[in-house]
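I have placed the structure first, in the form of structure tokens, so that the comments after it can refer back to it.
The values are calculated or read from the model by the stated rules, or taken from the named source; none is laboratory data. For clarity, every value in this text was computed on a predicted model and none was experimentally measured. Virtual Cβ from ideal backbone geometry, glycine too; neighbours counted across all protein chains shown. Ligands, DNA and RNA are excluded from the accessible area calculation, which covers all protein heavy atoms including side chains. Shrake-Rupley method; radii C 1.70, N 1.55, O 1.52, S 1.80 Å.
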Amino acid sequence: MVNIVDGGAKPAAQEMEQFLPGEGGIKYHIQPRKSDNEQGLGNTEFNPFTHRDNEHPTSDNETLTHLLKASLGTGILGMPIAFMYSGIIMGIFATIFTAFVCTHCSYVLVKCGHKLYYKTRRTKMTFAEIAESAFQKGPKWCRGFAPVAKFSILFGLFLTYFGTCSVYTVIVAKNFEQLIEHWTGSAVSSRLLICALLVPLILIAWVPNLKYLAPVSMVANVFMGLGLGITFYYLTQDLPPVESRNYLVLGTLPSFFSITIFAMEAIGVVMPLENNMKTPQNFLGLCGVLSQGMSGVTLIYMLLGFLGYLRYGEDTQQSITLNLPVHEWPAQAVKVLIALAVYCTFGLQFYVCLEIVWDGIKEKCTKRPMLVNYVLRTVLVTAAVVLAISVPTIAPFMGLIGAFCFSILGLIFPVLIELVIHWDTGFGKYNWILWKNIVICICGVAALVFGSLAAIRDIIAVYSEVAPQ
């Protein structure tokens, strides 16, 4: 999951001013060059990594820490039910496969960004800017699609994080629902609890900027770490034999991939992290920051998914914290810690949505921009809460976001960008880049179609089996 806002790069005109001589008696003309090699890939006079100017650059270890923090989000709580959907043995191999594809697509995006740095003489780019520049610098037939590509990615990011905000609201409400029912002895409506969260969520959304959200994020990390630590303790108690669980379940495998993609996909994080690195060349590579971080994330996700399903079997809940015995105080502490951690993280997820919408309208809001900004914050939070009230379920909601949003953003778009960039220079020996990307696109489309259908079917089942509360 993404906890870092995709920061913007300098406009091309400003970037060029850094490297061209100032005005004088001589007029300088820039001649277009013929090949990609000459346009910048082989230009030794410009190195985007040495010219990059970050006020507070991050080291490799700091970037690795940020990557782990961003990737180990609340999606990890849904891994046990994902293993229930796939089977305990199939879940291991399917998790590795999903992690490999997601990591490769992130690698492809960053690699394409590095190539475009040279072509455009820019030192950093966002995900949307990479797509726009790739189409602008690509073959003639695709240049007109550059604005569409940029808008599609921004719209996809908005949908992804807006949906994530709604999922977070449901997770907080469900954890408190169990606690209130245990403490009071009477049932409580989850929709009523979601409504009650509206004011606290608006308050955290009103935090002016990320600087003031940083302490809140640190608190969330501490709460999440403590909660997961206690959860692992419960999962290792009284484990049944592996033979008692299903090894392979084919019927619900699309739901597994949807939830796992939601949990593991980090496509919105990689460019902000790379843009702030002191040595961005070290982000890629077999032992680079990306490979190290995603390897660790994959192991943790597999471990929690395996232990959670092994421990609770067919009784596994949509969030593993809901399986913990509510009558024991350590389990109660977990539910409170996880709920508070998710609440604190809501502000970071929401900030991505806010920035995307605000960047699109702020030029039209010259009168009282601060008032408009806070009204926008309030409206967006209210809309997210209304969506959560409409679909007060966790796993199908995660699956729908993972299948519809992350499959497009995280799988399909990166390989399309790579195809456009390599269109004129070739796809390698035996066109291996082309065939590889066709396979990934097929996987992405399959996740999109079958995962979305499965998630929608599960949401409909919730409404058909349980009357609205």
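Results, tabulated for the structure shown:
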quantity: Pairs, first touching a residue at least 24 places away in the same chain (Cβ under 8 Å) in region 354-377, second assigned to a helix (DSSP H, G or I) and of a type in the set (Lys, Arg), C-beta under 8 Å, six or more apart; calculated: Leu354/Arg377
quantity: Test: Val415 is of a type in the set (A, V, I, L, M) and in contact with a Cys (Cβ under 7 Å, 6 or more places away or on another chain); calculated: yes
quantity: Flag for Lys436 being modelled with pLDDT of 85 or more and either open to solvent by 30 Å² or more (accessible area, probe 1.4 Å) or closer than 24 Å to Thr260 by Cβ (or both); calculated: yes
quantity: Subset of region 136-189 [more than 19 Å from Val381 (Cβ to Cβ) and among the aliphatic types (A, V, I, L, M)]; calculated: Ala146, Val148, Ala149, Ile153, Leu154, Leu179, Ile180, Ala187, Val188
quantity: Conditions (1) within 18 Å of the chain's Cα centre (by Cα); (2) open to solvent by less than 10 Å² (accessible area, probe 1.4 Å); number of the one not met by Phe151; calculated: (2)
quantity: Of the criteria (1) modelled with pLDDT of 85 or more; (2) surrounded by fewer than 19 Cβ atoms within 10 Å (Cβ to Cβ), which one His56 fails; calculated: (1)
quantity: So Pro240, is it part of a loop (DSSP other than H, G, I, E, B), in contact (Cβ under 8 Å) with a residue 12 or more places away in the chain and surrounded by fewer than 13 Cβ atoms within 10 Å (Cβ to Cβ); calculated: yes
quantity: Hits in region 82-104 - residues which are in contact (Cβ under 8 Å) with a residue 12 or more places away in the chain, open to solvent by 10 Å² or more (accessible area, probe 1.4 Å), under 22 Å from Tyr309 (Cα atoms) and among the hydrophobic types (A, V, I, L, M, F, W, C); calculated: Met84, Ile89, Met90, Ile92, Ile96
quantity: Residue within region 105-120 that is open to solvent by 10 Å² or more (accessible area, probe 1.4 Å) and not in a helix (DSSP H, G or I) present; calculated: no
quantity: Test: residue in region 227-236 that is at pLDDT below 90 and either open to solvent by 50 Å² or more (accessible area, probe 1.4 Å) or charged (D, E, K, R) (or both); calculated: no
quantity: Total residues in region 334-367, condition assigned to a loop (DSSP other than H, G, I, E, B) and charged (D, E, K, R); calculated: 1
quantity: Any hit, region 175-188, residues being buried (at least 19 other Cβ atoms within 10 Å of the Cβ) and not polar (S, T, N, Q); calculated: yes
quantity: Residue in region 380-395 that is assigned to a helix (DSSP H, G or I) and under 18 Å from the mean Cα position of the chain (by Cα) present; calculated: yes
quantity: Criterion: open to solvent by less than 10 Å² (accessible area, probe 1.4 Å), part of a loop (DSSP other than H, G, I, E, B) and closer than 29 Å to Cys344 by Cα - qualifying residue of Met79, Met125; calculated: Met125
quantity: Among residues of region 128-148, those that are open to solvent by 10 Å² or more (accessible area, probe 1.4 Å), assigned to a helix (DSSP H, G or I) and without any contact (Cβ under 8 Å) to a residue 24 or more places away in the chain, counted; calculated: 7
quantity: Flag for Leu179 being touching a Lys or Arg at 6+ places or on another chain (Cβ under 6 Å) and over 18 Å from Thr345 (Cβ atoms); calculated: yes
quantity: Hits in region 317-333 (condition: in a loop (DSSP other than H, G, I, E, B) and either within 15 Å of Gly75 (Cα to Cα) or open to solvent by 10 Å² or more (accessible area, probe 1.4 Å) (or both)); calculated: Gln317, Gln318, Ser319, Pro325, Val326, His327, Glu328
quantity: Some residue of region 288-305 being assigned to a loop (DSSP other than H, G, I, E, B) and among the aliphatic types (A, V, I, L, M); calculated: no
